[in-house]
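S.K.: So that we are looking at the same thing, I have put the structure below in structure tokens.
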Amino acid sequence: AQTVTQSQPEMSVQEAETVTLSCTYDTSESDYYLFWYKQPPSRQMILVIRQEAYKQQNATENRFSVNFQKAAKSFSLKISDSQLGDAAMYFCAYRSDPPDSWGKLQFGAGTQVVVTP
Amino acid sequence: DGGITQSPKYLFRKEGQNVTLSCEQNLNHDAMYWYRQDPGQGLRLIYYSQIVNDFQKGDIAEGYSVSREKKESFPLTVTSAQKNPTAFYLCASSPSSTGRNLGYTFGSGTRLTVV
């Protein structure tokens with residue numbers, strides 16, 4: 001079974017600065033998907049960014065970008081120009097390539113991002 | 001607008017009672033999932049369903065049951081056999097578990113507390 005590890009329980013960043021969240025995973029598969037989800041205090045889960053393992057190019061969504069290192073099984077999230085609205089719990093998640101996986105997501109324990117003015 | 005509706009938002013259960021959490025989606029998604037969230041443990045999969053009338057146990061299915069009689073609905077029952085049911089429960093769906101590059105759409109969750 002795949003495992004997802006987020007080693008930073010909490011990260012603090014000042015407004016307008018950059019913060020990087022780490023995520024590592026363990027898998028023997030060659031094709032899979034990786035996601036970062038954001039959970040603000042409302043507890044609504046919001047998809048931030050996703051990456052297909054077969055793509056070498058790192059995904060980018062506005063101020064959010066990833067550093068995907070397939071050989072190292074690492075998938076870090078960089079938040080640039082941090083805003084107060086970025087304060088939330090961030091979860092890294094892994095999904096095997098179907099059909100064997102039934103589309104299940106495996107989540108890490110989460111990293112709490114605190115943004116200070 | 002399409003989405004997933006979970007109800008109720010807060011639920012209180014007495015010892016020995018069964019309670020049912022509702023999850024309804026109007027996204028025409030095939031696959032649906034139930035996750036449990038506890039502090040410091042991320043989300044753990046309880047049950048999942050790919051099609052109507054079919055579902056599979058996840059990592060922590062003991063003490064829970066589900067049904068999938070309609071594509072839109074995937075209710076979760078927390079039975080008296082679940083020894084520590086106090087948690088936040090999230091329902092999710094995706095277009096197809098066999099499709100590529102698919103993330104989930106989540107509901108807003110139900111907070112269950114044993115009193």
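S.K.: Computed FRET efficiency, Cβ-Cβ of B:THR20 and A:ILE46, R0 22 Å: what is it to the nearest 0.05?
M.R.: Here the calculated transfer efficiency is 0.25.
S.K.: Could you go through the range B:38-46 in sequence order and give the Karplus-derived ³J(HN,Hα) for each residue, using 6.51 cos²θ - 1.76 cosθ + 1.60 with θ = phi - 60°, rounded to whole Hz, and x for Gly and Pro?
M.R.: 10, x, x, 10, x, 10, 10, 7, 9
S.K.: How big is the gap, in Å, between the Cα center of the range A:8-63 and the Cα center of the range B:1-42?
M.R.: 24 Å
S.K.: Averaged over all directions, how much area does the convex hull of the C-alpha atoms of chain A cover when projected, in nm²?
M.R.: 7.0 nm²
S.K.: In the full protein assembly as shown, how much of B:ARG111 is accessible to a 1.4 Å probe, in Å² to the nearest 10?
M.R.: 80 Å²
S.K.: Quick one: Debye curve from the alpha-carbon atoms of the protein assembly as shown only, equal weights, vacuum; give me log10 I(q)/I(0) at q = 0.09, 0.10, 0.16, 0.18 Å⁻¹ to two decimals.
M.R.: -0.37, -0.46, -1.14, -1.36
S.K.: Which of B:PHE12, B:PHE88, B:PHE74 moves the most in a Gaussian network model of chain B with Cα springs under 10 Å?
M.R.: Highest fluctuation among the options: B:PHE12.
S.K.: So what does the Cα-only Debye profile of chain B read at q = 0.11, 0.14, 0.16 Å⁻¹, as log10 I(q)/I(0), no solvent term?
M.R.: At q = 0.11, 0.14, 0.16 Å⁻¹ the computed log10 ratios are -0.32, -0.52, -0.68.
S.K.: When every alpha-carbon pair in the range A:43-92 is counted, what percent end up more than 16 Å apart?
M.R.: Pairs farther apart than 16 Å: 43 percent.
S.K.: Near the amide H of B:GLY3, under 5 Å away, which other amide H atoms are found, from residues 5 or more places off or on another chain, if H is placed in the peptide plane?
M.R.: Result for B:GLY3 returns B:ASN26, B:LEU27.
S.K.: Most mobile of B:LEU21, B:LEU90, B:LEU45 per a Gaussian network model of chain B (Cα springs, under 10 Å)?
M.R.: Result: B:LEU45 has the largest fluctuation of those listed.
S.K.: Another one. Could you grab the relative contact order for the range A:45-117? Cα pairs under 8 Å, six or more apart, rounded to a whole percent.
M.R.: Answer for the range A:45-117 is 21 percent.
S.K.: Then there's this: I'd like the Karplus ³J(HN,Hα) series for the range A:83-89: coefficients 6.51, -1.76, 1.60, θ = phi - 60°, whole numbers in Hz, and an x wherever there's a Gly or Pro.
M.R.: Along the range A:83-89, the couplings run 10, 4, x, 7, 4, 4, 8 Hz.
S.K.: Would you list A:SER65, B:SER65, B:SER49 from the most to the least accessible area, probe 1.4 Å?
M.R.: B:SER65, A:SER65, B:SER49
S.K.: How far, in nm, would the chain grow between B:TYR10 and B:LYS57 when pulled straight, counting 0.36 nm per residue and subtracting the alpha carbon separation?
M.R.: Working it through step by step, the gained length comes to 14.5 nm.
S.K.: Among all the lysines, which ones have a C-alpha under 26 Å from B:LYS83's C-alpha, if same-chain residues fewer than 8 places away are not counted?
M.R.: Excluding near neighbours in sequence, the set is A:LYS104, B:LYS9, B:LYS14, B:LYS57.
S.K.: I want to verify a result. In a Gaussian network model of chain A, Cα cutoff 10 Å, which of these has the top mean-square fluctuation: A:GLU52, A:GLU15, A:GLU61?
M.R.: Its mean-square fluctuation being the largest, the pick is A:GLU61.
The values are calculated or read from the model by the stated rules, or taken from the named source; none is laboratory data. Being a predicted model, the structure only gives us computed values, none of them experimental. Cβ: placed from backbone, ideal geometry, glycine included. Neighbour counts: every protein chain shown. Just the protein is used for accessible areas: all its heavy atoms, side chains included, with ligands, DNA and RNA removed. Shrake-Rupley method; radii C 1.70, N 1.55, O 1.52, S 1.80 Å.
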